[in-house]
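Before any comments, here is the structure.
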Amino acid sequence: MANITCTDIVKAYGAHPVIEGLQLDIPDHEFVVFLGPSGCGKSTMLRMIAGLEEVTGGRIAIGGTDVTDLPPGERGVAMVFQSYALYPHMSVRDNITFGLRRQGASRAEIEPRLTQVAELLGLEKFLDRRPRNLSGGQQQRVAMARAMIKTPQVFLFDEPLSNLDAKLREKLRTEIRKIHMQLKTTTIFVTHDQLEAMTIADRIVLMRDGKIEQMGSPDEIFERPASRFVADFIGTPAMNFVHAEIVAGDRLTAHGGGMTLHLSPQAFTTLKPGQRVELGLRPARMDLCEPGAENALSGKVVLVENMGAEGQVITEVAGQEISFVTQAFRSLSPGDSVCFAISPDHIHAFDPETGDSLRQE
Amino acid sequence: MTRKRFVTLTLVPAIGLLATLALVSIAGAVWFAVMNRTLRSPDYDFVGAYNFLRLLRDRRFFNALEISAVWEAVTVIGTLALAVVLAVLIFETVKKPLTRNLICFAFLVPVLLPRVAAAFIWRFLYSPSLGVINYLCGLVGIGPVEFLADPSLALISVAVVDIWQWGLFFTVILLKLMETLPRDPIEAAMLDNARTWEIHAYVTLPMLKGPLISLALVKAVESLRSFDLIFVMTGGGPGTATETLDLYAYQMGINMGGRISYASAMSLLLLVVTTVAFTIIWKAGKKWAS
């Protein structure tokens with residue numbers, strides 16, 4: 001087990017840089033998720049830590065040892081690939097023990113460890129099968145067993161659940177989290193699925209265009225997004241954005257798009273009257289209200305999406321589509337007039353030019 | 001027109017032509033084999049199994065059988081071994097696509113040469129007085145070596161030419177096959193602490209088991225038809241050191257003996273032996289690959 005330190009990491013393909021001057025510190029035992037849209041450099045970053053991709057500049061240290069120039073096998077890392085990357089011609093047993101056998105471990109040493117990981121991942125019955133005779137979920141378990149048997153300092157997961165169906169994904173996600181609680185091995189997990197990231201991570205590293213956009217606990221990222229990009233990327237349904245202007249008055253108020261909303265003065269201490277802002281309203285933080293309540297918005301229902309326990313209601317408010325989530329969605333139908341509100345504490349405001357959050361606390 | 005009828009109508013002419021060509025010649029060989037025809041006289045009699053029984057007492061025939069078996073083993077194993085070694089070497093050391101393609105192009109040239117041309121080129125290279133190989137041997141104090149006249153070297157020397165032609169060609173095929181393999185298992189092996197040779201021995205080559213078996217069979221069939229190469233380079237000599245079955249059949253039937261019935265019997269025996277041998281090898285190979 002070990003901490004990971006990445007200093008001034010640069011990666012370029014020819015003259016085209018994909019990662020520029022990235023700094024990252026991952027403490028021991030932490031479960032970190034690299035999250036971001038495709039092409040943001042998260043997989044490249046993971047592969048550089050694994051040693052499968054050369055760094056153009058900067059240093060990577062694992063457990064205090066500089067591993068930048070070490071081959072992948074000597075870094076003490078184990079990786080689980082999106083495609084599972086099992087050896088197709090070997091039995092499950094040989095797949096799992098391949099790494100240990102390459103290190104010259106004896107049979108007596110390998111056998112108990114094989115039994116242990118096979119038991120942990122429920123693979124005892126499949127040890128003599130070939131990978132092609134296993135389901136996707138079982139194959140991914142074999143890949144995880146192969147990584148775990150080496151007792152590495154660091155686990156790397158490269159979108160390991162992307163090829164599985166939704167139900168299985170959820171199940172394995174929970175298993176991975178449980179295993180981490182048991183083994184406490186430092187883990188980096190790459191995904192583009194924000195829900196996966198939120199549920200599994202101790203800390204999320206949200207990346208965009210080769211840079212870290214925000215780093216923090218799932219709660220921090222959800223409640224205090226550092227930029228419009230983060231706010232937009234995290235949360236389903238996606239955040240509503242409204243262009244507005246701060247107006248003078250005894251309360252901190254923004255007006256725009258036919259809406260007048262009060263903001264929390266503690267959160268936004270620097271906003272001045274006349275300043276243009278982009279407001280962010282989370283659908284999940286809004287609900288139906290009586291007309292005349294604080295921050296009430298009234299609109300016409302365009303569409304109701306049933307999500308089971310609750311529903312997303314898409315409304316038109318002064319020519320702009322705003323959605324909110326409510327449990328009482330079954331009483332609504334397209335064309336109805338509705339009133340819904342958001343508490344001032346849950347309104348986000350961003351700089352319309354830079355996209356940076358204007359929240360102070 | 002129904003699909004079945006269309007398939008039948010389009011297949012019948014081709015299969016009919018092939019069957020006629022193959023069956024007529026085999027039938028002709030059987031006809032000859034049970035007679036005692038020679039090129040010297042127009043008379044002939046029916047002799048039944050006489051030619052076949054004589055073959056079983058012919059030591060030169062068994063020598064040819066042995067040479068053929070050695071020739072098959074050496075050329076097939078040599079070709080595949082060279083192809084595997086070179087393909088892995090290029091795969092690991094040459095990363096630039098342009099350089100790789102140039103090497104592949106160069107490697108394709110030998111197999112494009114007609115056999116006879118390749119045979120003549122190598123006869124000059126092997127020549128004790130003019131050959132560049134003997135010149136090089138001379139520089140390190142060996143030789144001159146009689147590559148084609150020394151009975152212990154002749155077969156190997158001819159096999160080298162065959163391996164040169166086909167091994168380089170198979171290198172190109174193998175290299176292209178290796179390029180199509182998924183990267184992930186190779187990377188997983190790198191993370192599993194496997195050395196480069198271990199990655200290829202345990203991961204990439206086993207993943208190519210199926211194609212490798214097919215290549216071996218193609219080469220085995222091809223090696224059976226090396227008459228032209230051996231004929232030009234050594235003519236079966238010195239003595240009978242490089243006389244394979246087809247060469248012996250030719251010598252018997254056409255060149256010196258003119259005993260075409262005897263040669264036909266030999267060809268038929270060769271047909272049976274190869275058909276049986278290849279069926280067994282093919283079945284075993286398929287079982288092993290699955």
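The values are calculated or read from the model by the stated rules, or taken from the named source; none is laboratory data. All figures in this text were calculated on a predicted structure; none of them were measured in a lab. Every residue, glycine among them, receives a Cβ derived from its backbone with ideal geometry; neighbour counts consider all protein chains shown. We work out accessible area using only protein heavy atoms, side chains counted, and drop any ligands, DNA or RNA first. Shrake-Rupley method; radii C 1.70, N 1.55, O 1.52, S 1.80 Å.
Considering every residue within the range B:183-204, establish whether at least one is more than 14 Å from chain A (Cβ to nearest Cβ) and not aromatic (Phe, Trp, Tyr).
Just the residues of the range B:183-204 that are more than 14 Å from chain A (Cβ to nearest Cβ), to begin with: none.
No: zero hits.
Can residue A:77 be described as surrounded by 15 or more Cβ atoms within 10 Å (Cβ to Cβ) and either away from chain B (no Cβ under 14 Å) or among the polar types (S, T, N, Q) (or both)? No; evaluated as a whole, the condition is false for this residue.
What number of residues in the range A:147-163 are over 24 Å from residue A:27 (Cα atoms) and within 13 Å of chain B (Cβ to nearest Cβ)? Even if it seems obvious, please write down each step before you answer.
Just the residues of the range A:147-163 that are over 24 Å from residue A:27 (Cα atoms), to begin with: A:161-163.
Subsequent filtering for residues that are within 13 Å of chain B (Cβ to nearest Cβ) retains A:163.
The qualifying residues number 1.
Restricting A:284, A:254 to those that are closer than 17 Å to residue A:342 by Cα and either touching a helix residue (DSSP H, G or I) at 6+ places or on another chain (Cβ under 6 Å) or open to solvent by 10 Å² or more (accessible area, probe 1.4 Å) (or both) reduces the list to A:284.
Evaluation of residue A:309 against the conditions (1) open to solvent by 30 Å² or more (accessible area, probe 1.4 Å); (2) in a strand (DSSP E or B) shows that the sole unmet condition is (2).
Applying the criterion of being modelled with pLDDT of 90 or more and part of a loop (DSSP other than H, G, I, E, B) to the residues of the range A:316-334, the residue that is surrounded by the most Cβ atoms within 10 Å (Cβ to Cβ) is A:334.
Scanning the range A:336-351 for residues that are open to solvent by less than 40 Å² (accessible area, probe 1.4 Å) and of a type outside the set (Phe, Trp, Tyr) turns up A:338, A:339, A:341, A:342, A:344, A:347, A:348, A:349.
Residues of the range A:55-69 include none that is within 30 Å of residue B:208 (Cα to Cα), within 13 Å of another protein chain (Cβ to nearest Cβ) and either hydrophobic (A, V, I, L, M, F, W, C) or open to solvent by 50 Å² or more (accessible area, probe 1.4 Å) (or both).
Would you check if residue B:216 is more than 10 Å from chain A (Cβ to nearest Cβ), surrounded by fewer than 16 Cβ atoms within 10 Å (Cβ to Cβ) and either touching a residue at least 40 places away in the same chain (Cβ under 8 Å) or under 24 Å from residue A:105 (Cα atoms) (or both)? Break it down into steps so the answer makes sense when it comes.
Numbers: more than 10 Å from chain A (Cβ to nearest Cβ): yes; surrounded by fewer than 16 Cβ atoms within 10 Å (Cβ to Cβ): no; either touching a residue at least 40 places away in the same chain (Cβ under 8 Å) or under 24 Å from residue A:105 (Cα atoms) (or both): yes.
No, not satisfied.
Being within 30 Å of residue B:44 (Cβ to Cβ), of a type in the set (S, T, N, Q) and crowded, with 22+ Cβ neighbours inside 10 Å narrows it down to one residue among B:240, B:244, B:234; which is it?
Values: B:240 fails: crowded, with 22+ Cβ neighbours inside 10 Å; B:234 fails: within 30 Å of residue B:44 (Cβ to Cβ).
The unique qualifying residue is B:244.
If you scan the range A:73-91, which residues turn out to be under 28 Å from the mean Cα position of the chain (by Cα), modelled with pLDDT under 90 and either outside any loop (DSSP other than H, G, I, E, B) or among the β-branched types (Val, Ile, Thr) (or both)? Within the range A:73-91, just A:73 meets the criteria. Anything in the range B:236-256 that is of a type in the set (A, V, I, L, M) and either in a helix (DSSP H, G or I) or modelled with pLDDT under 85 (or both)? List them, or say none. Within the range B:236-256, B:245, B:247, B:249, B:252, B:254, B:256 meet the criteria.
Say whether the condition of being under 28 Å from residue A:34 (Cα atoms), outside any loop (DSSP other than H, G, I, E, B) and within 12 Å of chain B (Cβ to nearest Cβ) is met by at least one residue in the range A:113-120. Within the range A:113-120, not a single residue is under 28 Å from residue A:34 (Cα atoms), outside any loop (DSSP other than H, G, I, E, B) and within 12 Å of chain B (Cβ to nearest Cβ). Residue pairs whose Cβ atoms lie under 6 Å apart, separated by 6 or more positions or on different chains, with the first residue in the range A:248-271 and hydroxyl-bearing (Ser, Thr, Tyr) and the second outside any strand (DSSP E or B) and open to solvent by 60 Å² or more (accessible area, probe 1.4 Å), are A:264/A:345; A:269/A:360. The set of residues in the range B:38-68 being open to solvent by less than 40 Å² (accessible area, probe 1.4 Å) and either within 13 Å of residue B:264 (Cβ to Cβ) or not in a helix (DSSP H, G or I) (or both) consists of B:38, B:48, B:51, B:55, B:58.
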